[in-house]
Structures are given as C-alpha cells and as structure tokens.
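Colleague: Quick one: this structure, given as structure tokens, is what I'll be asking you about.
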Amino acid sequence: MDSQIDLELLITDNNLDPQLRVIAQKVQAGERISFDEGVALYEKGELAFVGLLANYIREKRHGDITYFNRNFHVEPTNLCVYDCKFCSYSRLIKQKSEGWELSMEDMMDIVKKYDDQPVTEIHFTGGVLPQYDMPFYIELFKRIKQHRPGLHIKGLTPVEYHYIFKKAKVDYATGMKLMKDAGLDSMPGGGAEIFDPEVRNQISKDKCTAEQWLQIHEEWHKLGQRSNATMLYGHLEEFRHRVDHMEQLRQLQDRTGGFQTFIPLKFRNKENQMSHIPEVSVIEDLRNYAIARIYLDNFDHIKAYWAMISRSTAQLALNFGVDDIDGTLDDTTKIYSMAGAEEQNPAMSTRELVELIKQVGRHPIERDTLYNVITDYKDYQFEEEPAARFYKLPVVNN
Ligand code: SF4
C-alpha cells in the first residue's frame, strides 16, 4: 500500500516536529492519540501531514472502497420552536410565509412516489413544532412500515426526541423503545452541534444539551440500534472544543459501540444570525475530516455530505479520511441549499455518484444504511438510466 510507504518516509523525516512524529508513530502502530495530541494536530498539523495519516487509516480500514446509498429526505417542516443562531433553515412563526408544514398524508405521498424506485432509506429531518409529537411520529412510522416494510427509517435527532418525549412525559429509554417498536430503524447524527456548554449556549441555547444528546444516543444503542454523530465546526469554537466534542463521542462509543459514522458539518453563513462570521476554507474542511479520522479510532466511517461541500470537495475528501459520501438525495432536501451550500438542487443519479467516485480512483459500493453491500460498482456496466426526478415541496401560505 503506497500510504504505508509514505507514512514510513514521513516518520523518518528529520525535520518533523517531535510531537507530530509521536502521533504518526501511534497511527502506524494503531494506537489511540490523546486529547492534547488531537489539539496539536489542529494547531500544528499541515494539510499534507494530517491527510497522509488519515489516508493511511482509511486505506487500512476500507482500502479504496467508498460508500454511498440511495435515499431521499422528508422534511416535515422548516418552522421551528427553537432559534439556533447558525440555522439558515428554520423560518420562525414570524416568517411563516416562507415556511412549510407537511401533513401525514403529504409525507405518505412522498414515500409512495418512490414505490417503483430502488431506494433503501428514508431520512427524516427538519424543524420542531408541537403538532409533530410522539403520537404523530409513531403513527407515521407505522404507516410507512405497513406500506413498505423494507424501507429503512432513519429519523429525527435527540433535539426532536427530547422535545417530544418531554411533551409526552416519557423518559428517554421508554421513548426510544416506543419509537423502535413503531418502526424507527436508526438515528441520524444531527443536533450535536458542538458539545462545549459555553459555545453551545451561544449558538443554540434552548434545545437539548450535550448531555441529553449523548444520553438519547446511549439509550438507543442499549436497544441494540445504530446511529451517527455530527459536529458543527468553523464558527465560534476553538480547536480544543472540536477535540472535546470528539472525545465525548469516543468515550460513548467505547461504552456502546453503537455509532456507525461521524459526519463533520461545516458552518455556512448564508441568511442566519451568524452571517458576520466568515466560513473556513476548503483546506480547513479537509484538515478537519482528516483529524476526525485520526482521532475517532473507534468509528468505522467518516462521511462527507457531497450536497453540503460540493462534488469536487467530496472527491478530494476521499483522500483525507472520508470513505462515505452519502446518497443520491433526489433533490428532496433544502437543508444544505438554504444554508448556502454550492449544491442548490442536490440530486445525483447512481451513475453520477459512481462516476464521481471512480474519477478519483476509488471503488464505489452502494450500501444500505447499516453498511451491508447492495451493489459493487467496481466493474459494473450501466444500462441507460432515467434522469433524476424532481419533487417540489408544498409551501404554506404561498
Ligand atoms: S438547527 Fe434545528 S433545532 Fe435549531 S432552529 Fe434550526 S431547525 Fe430548529
């Protein structure tokens, strides 16, 4: 493996900073790096250095394999009772004319639209409103499972769960069990933002705390279920806050083993209350992916949302620790585009995704949500595919 030779050469470089050399030796030996070493990587690790280490780990774990899935989003509403300062998505009640609220029938219609499509996952995400309560989601998930039992429901985050369980007066363990029984298959990683209480308080003070976010994931893992984790970076946080965030995830993962994938989310500054904060560079994005790959030694996968960071940066990220670039999406999400992402109509056909991965010499694998292999595209020959379809979300009061 070239990355092994590169790492050996790096370690024997006389000009290498001694602390970085120790980190590189630990990576070579498969040992865990410490909190202080994580901070040192952010402070001193140039892109080429962290990239080499991250790619070594990525290729040791996955070789050239790069995962994607066929999924679609359902976003019940972009109105929200919370007021996160970084949020470009939520339209508070005063901006309701720019908002939407889908009924249960609207959401079932979206599901039915995919009846003849080989999608494997439905991803629920969106704002928090009182009418989307626990009975609502229980009925919705049951109806989806009745309609299409094989469709994996990945839905909601501890932000929603904390809110709906409190309203229903059930504890986290009971609530998660009820959601599982209704058909919830896994939990996405959203709502984590940044765990440090001071920074969290400045950017999203009303919603669930870091402890609550972690507790809900822990209860879900105790049921034998899987989830993902995110980190919002590039705003008010310092490097030590990013490492603290990953440290807390690493500790929970040591206890439960329930996380599958870590997904760094870049702060975007379009149309939110933190628009005065400049966005970090693509170089910092890549460094952040790489350091996450190095630090989170007990996470199997690092994912880059191509719809958030653009197709070309997603391709680059595959050399910086990333082994998953999410799914086809089919233009069903507004979360990225409303935050100012490069992709304003995020949809890619399977063929496009496969070609994107192959263009940078990686090996595309379509997976299901739990990383079971659906199709190996290494030597796959495509027949003509229909063009990606577009679906417009209804708009309230429009
Ligand atoms: S980030 Fe989520 S919880 Fe916060 S305001 Fe936006 S939609 Fe609501």
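Colleague: Can you name every residue in the stretch 187-226 that is in a helix (DSSP H, G or I) and over 17 Å from residue 245 (Cβ atoms)?
Modeller: 219, 220, 221, 222
Colleague: Of the residues 96, 85, which is in a helix (DSSP H, G or I) and assigned by TED's automatic domain parsing to the domain that holds residue 262?
Modeller: 96
Colleague: Determine which member of the set 102, 53, 41 is outside the structural domain of residue 351 (by TED's automatic domain parsing), surrounded by 14 or more Cβ atoms within 10 Å (Cβ to Cβ) and either farther than 25 Å from residue 203 by Cβ or more than 26 Å from the chain's Cα centre (by Cα) (or both).
Modeller: So the residue among 102, 53, 41 that is outside the structural domain of residue 351 (by TED's automatic domain parsing), surrounded by 14 or more Cβ atoms within 10 Å (Cβ to Cβ) and either farther than 25 Å from residue 203 by Cβ or more than 26 Å from the chain's Cα centre (by Cα) (or both) is 53.
Colleague: Something else: Kindly indicate whether residue 4 is surrounded by 15 or more Cβ atoms within 10 Å (Cβ to Cβ) and farther than 15 Å from residue 284 by Cβ. Explain how you work it out, then say what you get.
Modeller: Values: surrounded by 15 or more Cβ atoms within 10 Å (Cβ to Cβ): no; farther than 15 Å from residue 284 by Cβ: yes.
No.
Colleague: Also, quick follow-up: Can you tell me which residues in the stretch 167-215 are within 16 Å of the ligand (Cβ to nearest atom), more than 15 Å from residue 156 (Cα to Cα) and free of Cβ contacts under 8 Å to residues at least 60 places away in the same chain?
Modeller: Passing the criteria: 167, 194, 195, 199, 200, 201, 205, 209, 210.
Colleague: Here's a follow-up. Could you tell me whether residue 223 is surrounded by fewer than 18 Cβ atoms within 10 Å (Cβ to Cβ) and in contact (Cβ under 8 Å) with a residue 40 or more places away in the chain? Lay out the reasoning, then the answer.
Modeller: Working: surrounded by fewer than 18 Cβ atoms within 10 Å (Cβ to Cβ): yes; in contact (Cβ under 8 Å) with a residue 40 or more places away in the chain: yes.
For residue 223, the condition - surrounded by fewer than 18 Cβ atoms within 10 Å (Cβ to Cβ) and in contact (Cβ under 8 Å) with a residue 40 or more places away in the chain - is met.
Colleague: Also, I was wondering about something else. May I ask you to list the residues in the stretch 81-113 that are in contact with an Asp or Glu (Cβ under 8 Å, 6 or more places away or on another chain) and more than 13 Å from the ligand (Cβ to nearest atom)?
Modeller: 102, 104
Colleague: I'd like to check something: does the stretch 291-303 contain any residue that is among the polar types (S, T, N, Q), at pLDDT 95 or above, touching a helix residue (DSSP H, G or I) at 6+ places or on another chain (Cβ under 8 Å) and not in a loop (DSSP other than H, G, I, E, B)?
Modeller: Within the stretch 291-303, none of the residues are among the polar types (S, T, N, Q), at pLDDT 95 or above, touching a helix residue (DSSP H, G or I) at 6+ places or on another chain (Cβ under 8 Å) and not in a loop (DSSP other than H, G, I, E, B).
Colleague: Quick check on the stretch 201-217. Is at least one of its residues in the same structural domain as residue 309 (by TED's automatic domain parsing) and on the phi > 0 side of the Ramachandran plot?
Modeller: no
Colleague: Which residues, counting only those in the stretch 42-80, are assigned to a loop (DSSP other than H, G, I, E, B) and within 16 Å of the ligand (Cβ to nearest atom)?
Modeller: Once the filter is applied, which keeps residues that are assigned to a loop (DSSP other than H, G, I, E, B) and within 16 Å of the ligand (Cβ to nearest atom), the stretch 42-80 yields 75, 76, 78, 79, 80.
Colleague: Further, regarding this structure: Taking the stretch 114-137, which residues are closer than 18 Å to residue 168 by Cβ, more than 16 Å from the ligand (Cβ to nearest atom) and surrounded by fewer than 19 Cβ atoms within 10 Å (Cβ to Cβ)?
Modeller: 135, 136
The values are calculated or read from the model by the stated rules, or taken from the named source; none is laboratory data. Since we're looking at a predicted model, the values are computed, not measured. All Cβ positions, glycine included, derive from the backbone under ideal geometry; neighbour counts span all protein chains shown.
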